[in-house]
Amino acid sequence: MSNVAIVGGGITGLVAAFELKRRGVPFTLFEASDRVGGVIQTVRDQGFLAEFGPNTLLETSPKITELIRALGIESRRWYSNPQNSKRFIVRGGKPRAMPASPPQFFTNSFFSWSAKFALLMEPFIKASPPDIEESLAQFVKRRLGQEFLDYAINPFVAGVYAGDPERLSVKHAFAKLHALEQKYGSLIKGQLQGARERKKRNEVAKDRAKMISFDHGLQVLTDALGATVGENLRLNSPVQCVKQVEGGWALTGRATALSSDLGGTSAGLPFTHVLLTSPAHRLAELSIESPSGGDLSMLGEIVYPPVTSYVMGFRREDVAHPLDGFGVLIPKVENRHCLGTLFTSSLFSDRAPEGHVTLTNYIGGMRAPELALKSPNEVRNLVMDDLRELLGVHGEPVWEHVKQWSKAIPQYEVGYGRFKDFMDRFETAHPGLQFAGHYRDGISLSDSILAGFKAAERIGAEQNS
Ligand SMILES: Cc1cc2nc3c(=O)[nH]c(=O)nc-3n(C[C@H](O)[C@H](O)[C@H](O)COP(=O)(O)OP(=O)(O)OC[C@H]3O[C@@H](n4cnc5c(N)ncnc54)[C@H](O)[C@@H]3O)c2cc1C
């Protein structure tokens, strides 16, 4: 019979716990902090709502829909406001609506005629040889040209990864894009063909998936998951050492919740599986004691840039822009301070009191890590500078919330395969140890949810085999 230790109570670990429980597999979830949710945390105050980390979840798979239903929080799920689906990109110092469909792309003046022509020519560009690993920037320049890179991909990557397209690997960071080129020879042809295949698999592409949150923010999801884990949850229990013992693995840590004598489960038995879902930079500090060796320090080389999220509430009349969209992203070539701003109260209702709006601003990332690390007051001044010029803000915020992440989002850079290969080899050499989460399975919340399911299903299948 399996008995699983889950290290980390972010969304990945929580979903794995949920699925193991559903399958009747015994487990214990060890979380270092005093709460579950990891980077997902919501604060509601004076009618404003701020997320510390992610703001939205993409419903890319029926598994996510089913999870929400099974947790009984379906009635609390909110879809983003369809009237505000416009995405603004700053061009020439002003936010301009991005074309939302192929006909708009050709009729709207956002892109120049040469960019439009480059898109028409895309199906005729040869695929790169499969053994060459390109950066996202190289890939986009080759297939679509510099203007696409500067005004579509650069701001998009800032919004998703807080990343730099010159450093991200197209193969690892945008695996589906890479696969489209390799399989169909063209992104456009692949997009059309891929849509048919996704339909067969009942999946939704990320650019088409519905964007959701909950009445009280994303923490509703992790709180509901935490409640189902119940007595199997050990908070304030940072795992420091995982040791191979007769019949499995034993864990030690600082907290009393972890048995200090290296016993594993409450019955004193070792764990058959240990699922490692804490961030890569924390895994790098973990000591693994095993006859096969166990140095995870290499995972500390995965780059996590700092990002600061600065949420501000304003009186509606103090913001000139209609805020009739999802938000605004800022390309690097525009030389501003912020990466972008979400129009939080346009996306979901009840994110600001009557007569007010909430704006969530991100600064730092790979583009300007030093800005994220400035004092909150300095960050505030930089954000206000951008808001005044780009959105016509002419008053002071009436409500503020700031969260500085010193290590925010892992960058799947060119050469990331060496980390993935390392994890594969490590798992083979240490049967029962498994890696899952944002540093391996994709950086988005939906990727992490699916990673949690996959890890639990794999363990469940081993038990039944
Ligand atoms: C600022 C920001 C904005 C984002 N925005 C979005 C967005 O809008 N949409 C989206 O889809 N994704 C977004 N993401 C990404 C998404 O939030 C993450 O990929 C996802 O939440 C990661 O979940 P996780 O469980 O893998 O890791 P984490 O949330 O990092 O959880 C890991 C857990 O492990 C615990 N831990 C660490 N060390 C130990 C130890 N030794 N022992 C026990 N426990 C330990 C930690 O305390 C933590 O609770 C954002 C991320 C950030 C940082």
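What full-extension length gain, to one decimal in nm, is calculated for residue 208 and residue 23 as 0.36 nm per residue of separation minus the Cα-Cα distance?
Residue separation times 0.36 nm, minus the Cα-Cα distance, leaves 63.5 nm.
Any idea what Rg and Dmax come out to for region 99-206 if you just take the C-alpha atoms, in Å?
Expressed in Å, the Cα Rg and Dmax of region 99-206 come to 13.9, 38.
Near the amide H of residue 27, under 5 Å away, which other amide H atoms are found, from residues 5 or more places off or on another chain, if H is placed in the peptide plane?
Under 5 Å from the amide H of residue 27 lie the amide H atoms of 4, each far enough along the sequence or on another chain.
If I take R0 = 22 Å and measure r between the Cβ atoms of residue 110 and residue 193 in this structure, what FRET efficiency does the formula 1/(1 + (r/R0)^6) give, to the nearest 0.05?
It comes to 0.25.
Using a cut-off of 12 Å between beta-carbons, work out the net charge of the residues near residue 96 (Lys and Arg +1, Asp and Glu -1, residue 96 not included).
+3
Arranged by the count of other C-beta atoms within 10 angstrom, fewest first, what order do 174, 435, 124 take?
Neighbour counts put them in this order, fewest first: 124, 174, 435.
Determine ³J(HN,Hα), in whole Hz, for all residues of region 325-339 in sequence, where each value follows from phi through the Karplus function 6.51 cos²θ - 1.76 cosθ + 1.60 and θ = phi - 60°; x replaces Gly and Pro.
Result, ordered by residue: x, 6, x, 10, 10, 10, x, 4, 5, 7, 6, 9, 8, 7, 7 Hz.
Taking R0 as 30 Å, what FRET efficiency do you get between residue 120 and residue 176 from their Cβ-Cβ distance, rounded to the nearest 0.05?
Approximately 0.85, to the nearest 0.05.
For residue 43 paired with residue 333, estimate the spin-label separation in nm (one decimal), with each label point 7 Å from Cα along the Cα-to-Cβ line.
3.8 nm
For 241, 338, what ranking results if the residue with the fewest other Cβ atoms within 10 Å of its Cβ goes first?
Fewest-to-most ranking of 241, 338: 241, 338.
Any idea what the relative contact order of region 99-206 is, in percent, if you count C-alpha pairs under 8 Å spaced at least 6 apart?
This gives 26 percent for region 99-206.
Just want to confirm a number: the relative contact order over region 422-465, from Cα pairs under 8 angstrom separated by 6+ residues, in percent.
24 percent
For the pairs 63/200; 126/199; 126/171; 210/454; 116/171; 210/403, note any where the Cα-Cα span goes beyond 20 Å.
126/199; 210/454; 116/171; 210/403
Helix-only estimate, please: 222 nm mean residue ellipticity of the chain, summing -39500 (n - 2.57) across DSSP H runs of length 4 or more and dividing by its residues, to the nearest 500.
Theoretical 222 nm ellipticity from helices: -9500 deg cm²/dmol.
Could you pull out every residue, at least 5 positions away or on a different chain, whose amide H is within less than 5 Å of the one on residue 405? Hs are placed 1.01 Å off N in the peptide plane, and Pro or chain starts have none.
For residue 405, the qualifying residues are 307, 308, 309.
Just to be sure I understand the model, the point goes 7 Å from the Cα along the line to the Cβ. What's the resulting residue 76 to residue 94 distance in nm?
In this crude spin-label approximation the distance works out to 4.3 nm.
Taking Cα pairs under 8 Å and at least six residues apart, what relative contact order does the chain come out at, in percent?
Rounded, it is 25 percent for the chain.
Taking θ as phi - 60°, what are the ³J(HN,Hα) couplings along region 27-43 by the Karplus curve (6.51, -1.76, 1.60), each to the nearest whole Hz, with x for Gly and Pro?
These are the phi-based 3J(HN,Hα) values: 7, 10, 9, 9, 10, 5, 8, 9, 8, 9, x, x, 6, 7, 7, 10, 10 Hz.
What distance in nm separates the two pseudo spin-label positions at residue 400 and residue 1, each 7 Å out from Cα along the beta-carbon direction?
That separation, rounded to one decimal, is 5.6 nm.
May I have the pair-distance distribution P(r) for region 329-465, computed from all Cα-Cα distances with 10 Å bins from 0 and rounded to whole percent?
9, 28, 27, 19, 13, 4, 0
Just to confirm a number: summing +1 for Lys and Arg and -1 for Asp and Glu over residues other than residue 367 whose beta-carbon lies under 15 angstrom from that of residue 367, what do you get?
That works out to -3.
Taking amide H atoms as placed 1.01 Å from N in the peptide plane, list the residues 5 or more away in sequence, or in a different chain, whose amide H sits under 5 Å from that of residue 35.
236
Around residue 376, with a cut-off of 10 angstrom between Cβ atoms, what is the net charge of the other residues, counting Lys and Arg +1 and Asp and Glu -1?
Combined, the nearby Lys, Arg, Asp and Glu give +1.
Can you give the direction-averaged projected area of the convex hull of the alpha-carbon atoms in the chain, in nm²?
22.4 nm²
Bear in mind that the values in this text are calculations on the coordinates, not laboratory data. This structure is a prediction, so every number in the text was calculated from the model and none was measured. Glycine also receives a Cβ, built like all others from the backbone with ideal geometry; neighbour counts cover every protein chain displayed.
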